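For reference, the structure is listed below as structure tokens.
Values in this text are rule-based calculations from the coordinates and carry no lab data. All of these numbers come straight from a predicted model, not from anything done at the bench. Please note: Cβ atoms are built from the backbone with ideal geometry, for glycine as well, and neighbour counts cover all protein chains shown.
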Amino acid sequence: MFNIAIDGPAGAGKSTIAKLVAKKLGFVYVDTGSMYRAMALYCIRNGVDKSDEEAVSLACKEMDIVVKYEDGIQLVLLNGEVVNDYIRTEEVSHVTSSIAVYESVREKLLNLQRELAKEYNVIMDGRDIGTNVLKDADVKIYLTASVDTRAKRRFLEHIEKGEECDIEEIKQDIIDRDYRDMNRKIAPLKQADDAILVDSSEMSIDEVVDTIVSIVNDKM
Ligand code: DC
């Protein structure tokens with residue numbers, strides 16, 4: 001199988017780009033963030049304290065996370081329920097990066113992610129794909145953008161959906177999430193030594209997609 005790993009901070013455009021690259025190449029787009037988000041949703045719904053590692057570890061045993069692909073769209077099932085519509089809120093984002101620091105949480109998803117990469121040609125996005133999940137990926141991309149650019153993109157996404165939000169709050173949340181994701185002990189976000197850096201701050205979506213597709217084509 002041919003595997004592409006794409007890592008980077010929140011709001012860098014990984015999912016938008018990865019979906020388009022997957023379509024162009026006929027690959028499966030695997031969104032690992034959604035799997036962590038489904039676990040956070042379980043904690044929120046069941047009143048599990050995100051700062052209590054033991055409680056979260058116990059909750060992990062009650063969660064069954066499964067992914068399915070329908071027409072190129074990834075469905076995440078939490079104990080049999082498709083939860084795609086409930087995992088994109090700021091609350092879920094916040095809780096997700098808090099529980100993603102725990103070993104029990106990360107262990108639960110590691111095999112699932114590796115199995116998918118064995119089964120399909122994937123473009124998999126996350127924080128630790130190139131450094132940990134798929135250390136032998138054929139192509140590794142580290143996609144980033146300035147904090148201001150990323151906050152503005154998130155802000156516009158919410159506005160488009162008709163949701164009220166404050167850009168300064170979003171920016172602060174991105175800074176906090178970056179800090180937690182980059183400074184945790186297990187599988188922190190960092191650029192793999194063999195990853196290619198793409199800074200999308202001044203690039204259009206098409207430019208980023210074309211850049212990555214041409215990197216992949218060169219390698220293939
Ligand atoms: O990519 P995203 O914004 O949906 O990810 C949500 C959170 O999940 C992110 O703050 C950190 C965590 N995450 C992770 O720790 N490892 C991954 N491979 C993917 C996401």
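Tabulated data
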| item | result |
| --- | --- |
| Within segment 126-146: backbone nitrogen closer than 20 Å to the residue 213 label point (7 Å, Cα to C-beta) | 138-144 |
| The chain - Debye-derived log10 I(q)/I(0), Cα point model, q = 0.10, 0.12 Å⁻¹ | -0.42, -0.61 |
| P(r) of segment 94-136 over all Cα-Cα pairs, binned every 10 Å from zero, in whole percent | 24, 56, 18, 1 |
| Segment 183-200 - phi-based ³J(HN,Hα) in whole Hz, Karplus 6.51/-1.76/1.60, Gly and Pro as x | 10, 6, 6, 9, 6, x, 6, 7, 6, 5, 4, 9, 8, 8, 7, 10, 9, 8 |
| Peptide ranges 136-143, 52-59 listed from the most packed, as the mean C-beta count within 10 angstrom indicates | 136-143, 52-59 |
| Added length on full extension, which subtracts the Cα-Cα distance from 0.36 nm per residue, residue 73 to residue 49 | 5.5 nm |
| Most positive-pole-ward Cα, 44, 58, 75, against dipole of segment 1-133 from beta carbon charges | 75 |
| For residue 140, distant residues with modelled amide H under 5 Å away | 5, 196 |
| Relative contact order, percent, the chain [alpha-carbon distance under 8 Å, six or more residues apart] | 33 percent |
| Cα centroid separation - segment 177-216 against segment 1-50, whole Å | 13 Å |
| Kirkwood hydrodynamic radius of segment 1-103, Cα pairs, Å | 14.6 Å |
